[in-house]
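Nothing in this text is a laboratory measurement; each read-out follows from the coordinates by a stated rule. All figures in this text were calculated on a predicted structure; none of them were measured in a lab. Counting neighbours? That spans all protein chains shown, and the Cβs are built from the backbone with ideal geometry, glycine included.
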Amino acid sequence: MAYQDYTHDMQRCTRCSYCKWIPYRYIKNTDFMEGCPSVARYLWHAYSASGKFNMAYSLLKDRIEIDETFLDVLYHCHMDGSCDVSCKVQQDLEPLQLMQELRIKCVEEGQLLPVHMLVIEGLRKEDNMMQSPKADRGKWAEGLDVKDLARESAEVVYHAGCRYSYDEELQPIARAGMQILRNTGVDIGIMGVDEACCGGRAYELGYAGELTKYAEHQLETLRTAGVKVLVTPCADCYAAFKVLYDKIGKKPEIEIFHITQYIHRLIEEGKISFTKEIPLTVTYHDPCHLGRLGEPWIHWQGKETRAMGPMIIHDPPKKFRRGTNGVYETPREILKAIPGLRLVEMYRIREYAWCCGAGGGVIDAHPDFAVWTGNERLKEARAVGAEAIVSACGWCKRNFLDAAAASGDNMEVYDIIELVQKAL
Amino acid sequence: MKLAEEEYKALEAIVGAEYITREPVILDTYNQVWGNVFFFDEKHSVRPAAVLLPANTAEISEVIKVCNKYGILFKPFSSGFEYLSLSLANTRGILLDLKRMNRILEIDAKNMRAVVEPYVSVYRLQLEAARHGLYTGRIGVGYSAGVIAAECCHHGCQHTMVFTSGYGRNTLGVEWVLPTGEILNMGSGESGGDLFSADGPGFSLRGILRGRTGANGGHGVVTKASVKLYPWYGPPQWEQTRKPGEPPSFGQLERVPDGYRVFVPSFKDLDATLEVSEELCRAEILYAFGIGIIGTAQMQEGNDEEWAMIQQMMQKGNQSFDPASGISVANSVVCVIGGRSAGELEYKEKCLRVITGKYGGSFSEQFNEPGALARAFADIIWSNGVNLRATGDFLPSSSSPDGSPAMLKKLALEEAEVKRRYEESGAFLSMGGGRMVSWRPEEHLSIGAQGISTAQYDPYDPASLAAAREFIDKLFDPRSPFNRYGVPSRGGCLQIEPVTHIHQNWGRLYDNYDVYLRKIKKMLDPNTVADWTAFIPPEYPDYAKDGDYVLPSYGKEEEI
Ligand SMILES: Cc1cc2nc3c(=O)[nH]c(=O)nc-3n(C[C@H](O)[C@H](O)[C@H](O)COP(=O)(O)OP(=O)(O)OC[C@H]3O[C@@H](n4cnc5c(N)ncnc54)[C@H](O)[C@@H]3O)c2cc1C
């Protein structure tokens, strides 16, 4: 697909502005009714999904060019897909896909953000998005007695992902995740120094080639390792393996699990049970990539046609991804199973959750905006009486920690793995 | 025709560099709205020279003074969903995006009113007012639309007008920045009091401020308004829920809230439906009322799902698509009654049943099962998400003059018949081939009603677009057999340039209202800086004529 393939969508965006809010049916608190951090922060219509349709249409009509402002607007966006969900309550349009194609076009034309160039340079050299040496990749697992799948074989591969591998504050979480699974007898191993980036975040920046390259690499590595299952604690990696690879025609032949799904399965099988109380009121933050963006890809080929006169339909019928089939209940069920832990819900949850702020390359290029978005979420967590916010993605935890530090908020920030480990 | 550096700098000095832009990338997101293709042949209307995000009344006043000094057109808007809100007469025009003025300043529960800034949406006020046992009427356009836009500046017709009124009659005091930059407090605000009344001791200018269909930005900027609120008999908060795995569009109320009852009777044909509607409205028992759009069905995920459902229903011989069946959507009405006590509700229900019985009304299971009624309630009461998904656009061929029900009926039936012919030809969406209109009666029908026969067409299908224009031209041609009474309007304003021929053709037949409109405009806006594209042009364009009849002229001129 190219951005021009969304001309229909550019034309049909009505400017209803619903992309700016969470779907009205679920608005409960008017302080927390906004859905799109980008337009909430920067106000100009261009920053909304509707604005992106408008920009794309003007580009198509040669009314504007890709200039600094274009890039600034396009990349002050977390690519979190909240707009996509809200839009699709009323419309059959694809705002997120259009934004993705615009980013790809920018990259193809050499219209790049310097910060992102550095990140991608690092990726090309060191196979990670953290601008860190490849040699340090497996360091997080040092001292753990764990199988190295470059040499040994196992049924399950544990893919830690770039963030957990290199972020020193998060490395213990990666270890904990690994230990939890291993202690229940899962035949599991890691790729160690040979683990490479999934390519998902690079794709979101517009580097489509990187996704293809890493997808091919991963498929080959997984095949060679002979694993049957991949488990990752990172929501971004989960979405890449589960959704994006399929989108580009490189669906892995093995099962893909986010760690919460795997833990949930172990709980159901009676292999994990919680014994310790955690007397804490927590709220769960749905990571975009596990929730709405973790919804499986739906392939469709066909044509637009008409019914009842000019009603726009598709032949064969087209199923749009509206976020419904993301992973929402599983992490909540884990939290509910922890004795003493009280789960309170925020106002913006599941398909219409507010983003943590780390997505879409914003944490790299516009850290102040990432922190702003994160702080809005912390305010919401506080408003519902939570003492701690729990997420299921390293990027979320990183950004919430940064946001809390910047604003002096003392809200506790947990990765769900930490709570599971504490409760065992 | 862009702004000179000096002009831009003068504006920038007022709002600050962060809140003004002349970047083409951003400007071109302020001129693309649904409906534009109908008027301008393109999705883009004229590109503004700059867009500003003013923070307060003082800044707006200063900005307007600069506009007067340099002869720059300006237009304010709230959510900007209406095509009128972003149309400009020329590229030397600026838009005032009022997003930063977004506070509910007061909910005065005792006196049943709220004071709001321009970017407060109707749905937000509905949510907030409910906590105080109060309610503001329901605008059809959805949950982004502004209270001030609806009540003070644009159309403002509402599904609840039978109870909550509409068309500006809910406007109390307002703070108004005139096109000269002066700040005027209408009504009680003028004497330094708050804005509790529009009718003195200061000037009562509600008619001038907006008239029937709104000045649409042609009269300056309303920066604060006090609006009436009405009793709310429902809970202070509500929840629309769905089962796990259901898409967001499936969220719904579990049941009609206590304090309300909903009925969806059906009648044998459209004529009978309009007749019973008149009596129902006059009985003074209704809280909300609608014909034709009954909202009882589950909102489907998308067009394909909608179409699959329709096919299935048709195969099963579902009568709701067959106007001859007597229970079709077209011949059904949704009636909401509300009350503080069980006795009040009993009485109202009894009246309703007597009246509907008199006209042979039936209560089909499909439209009256509890889930259907809860959906109908949510749909008609709250300013929810509108849906232009089916074809991409719609035309409310609005016959909305104040007037007698008999006249409304005549117009509605004739319009519906014309529309039906376009539906048969495939140009408009057809729902079973019946005549269908929607009525939104005002104050128990004591004043009038907005009757619309909504045509759904596809602006990107040349044949459908041509049919839409032909349809509207036919309806609004005073020489047509409709013998229309009153100035026709489309969604409030078909007077948008480039189709000011509506004023030209109708003014002389209707007390020269256009001449007075222009005089008022001239008095308030001596330098013609408040954009007039959706109000009244300073001079009529020299459009082609057919005899006396001024022909419409679509398209736009723009240099970027
Ligand atoms: C699908 C659909 C359904 C609709 N249904 C209805 C309906 O049921 N009833 C109805 O009345 N209308 C309806 N409309 C028309 C219109 O969009 C709405 O009336 C709505 O109020 C617009 O709100 P907004 O905040 O988007 O207004 P905007 O588009 O921002 O503004 C509307 C007009 O008011 C002017 N304006 C806005 N704010 C100010 C201000 N503070 N000072 C001065 N002028 C101002 C603007 O210049 C513009 O001309 C419908 C439109 C659509 C697309």
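In chain A, how does Rg compare with the Kirkwood Rh, expressed as the Rg/Rh ratio over alpha carbon atoms? Can you show the working numbers first?
Details: Rg = 21.0 Å, Rh = 21.9 Å.
Computed over Cα atoms, the ratio is 0.96.
Its alpha carbons give segment A:130-268 an Rg and a Dmax of 13.9, 40 Å.
Mean residue ellipticity, 222 nm, helices only, chain A: the sum of -39500 (n - 2.57) across DSSP H runs of n ≥ 4, divided by residue count and rounded to 500, is -12500 deg cm²/dmol.
Over segment B:1-232, what is the percentage of antiparallel beta bridges among all DSSP beta bridges, to the nearest 5?
So the antiparallel bridges amount to about 75 percent of the total.
In plain terms, the residue of A:Phe320, A:Phe241 with the fewest other Cβ atoms within 10 Å comes first and the most crowded comes last, giving A:Phe320, A:Phe241. Within segment B:507-560, the GluC sites (Glu not before Pro) that combine a DSSP coil assignment with at most 11 other C-beta atoms in a 10 angstrom radius are B:Glu539, B:Glu557, B:Glu559. If both residues of a DSSP beta bridge must be in the protein assembly as shown, then about 65% of such bridges are antiparallel.
Determine, from the Cβ-Cβ distance of B:Lys474 and B:Ser446 and an R0 of 35 Å, the FRET efficiency 1/(1 + (r/R0)^6), rounded to the nearest 0.05.
On the way: r = 31 Å, r/R0 = 0.88.
With a Förster radius of 35 Å, E is 0.70.
Neighbours of A:Asp5, meaning other residues whose beta-carbon lies under 11 angstrom from its beta-carbon, give a summed charge of -3 when Lys and Arg score +1 and Asp and Glu score -1.
A helix-only calculation puts chain B at -8500 deg cm²/dmol for mean residue ellipticity at 222 nm, using -39500 (n - 2.57) for each DSSP H run of at least four residues, averaged over all residues.
Can you tell me, using C-alpha contacts under 8 Å and at least 6 residues apart, the relative contact order of segment B:254-459 as a whole percent? Before the final figure, lay out each step's value.
On the way: 365 pairs, mean separation 63.2, N = 206.
Averaging sequence separation for qualifying contacts and normalising by length gives 31 percent for segment B:254-459.
In this rough spin-label picture, where each label sits 7 Å from Cα along the Cβ direction, the A:Thr224-A:Arg382 distance is 5.0 nm. Each residue, B:Glu18 and A:Glu68, gets one label point 7 Å from its Cα in the Cβ direction; the gap between the two is 1.9 nm. Here is the size of segment B:1-232 from its Cα atoms: Rg then Dmax, 17.4, 52 Å. Rounded to the nearest 5, the antiparallel percentage of DSSP beta bridges internal to chain B is 85%. With 10 Å bins beginning at zero, the pair-distance distribution over Cα atoms of segment B:156-232 amounts to 20, 50, 26, 4 %.
Considering the convex hull of the alpha carbon atoms of segment B:107-155, report its projected area averaged over all viewing directions, in nm², one decimal. List each step's numbers first, then the result.
Details: hull surface 12.7 nm².
Orientation-averaged projected area of the Cα hull: 3.2 nm².
Under a 5 Å amide H cut-off, with hydrogens placed 1.01 Å from N, B:Tyr554 pairs with nothing among residues at least 5 apart or on other chains. Each Lys or Arg adds one and each Asp or Glu subtracts one; over the other residues with Cβ under 12 Å from the Cβ of A:Glu255, this totals +2.
In peptide B:136-144, how many Cβ atoms from other protein chains are near each Cβ within 10 Å, on average? Display every interim value, and only then the final one.
Working: counts 0, 0, 0, 0, 0, 1, 7, 11, 8.
Counting other chains' Cβ atoms within 10 Å and averaging over B:136-144 gives 3.
Determine the sum of side-chain charges near A:Glu345: Lys and Arg each +1, Asp and Glu each -1, restricted to other residues whose C-beta is under 12 angstrom from that of A:Glu345. Computed value for this residue: +3. Each 20 Å bin from zero holds the following percent of Cα-Cα pairs in the protein assembly as shown: 13, 43, 33, 10, 1.
Would you mind ranking B:Leu205, B:Leu127 by Cβ crowding within 10 Å, fewest neighbours first?
B:Leu205, B:Leu127
With the highest mean first, a sort of the peptides A:270-283, B:52-65 on other beta-carbon atoms found within 10 angstrom per residue produces B:52-65, A:270-283. Give me the one-decimal nm value for the distance between modelled label points at A:Ile298 and B:Met112, 7 Å along each residue's Cα-to-Cβ direction. Output for this residue pair reads 4.6 nm.
If R₀ is 45 angstrom, what is the calculated FRET efficiency for the pair B:Ile560 and B:Arg242, using the beta carbon separation as r and rounding to 0.05? Result of the calculation: an efficiency of 0.50. The mean count of C-beta atoms from other chains within 10 Å of the C-beta of residues in A:53-64, rounded to a whole number, is 5.
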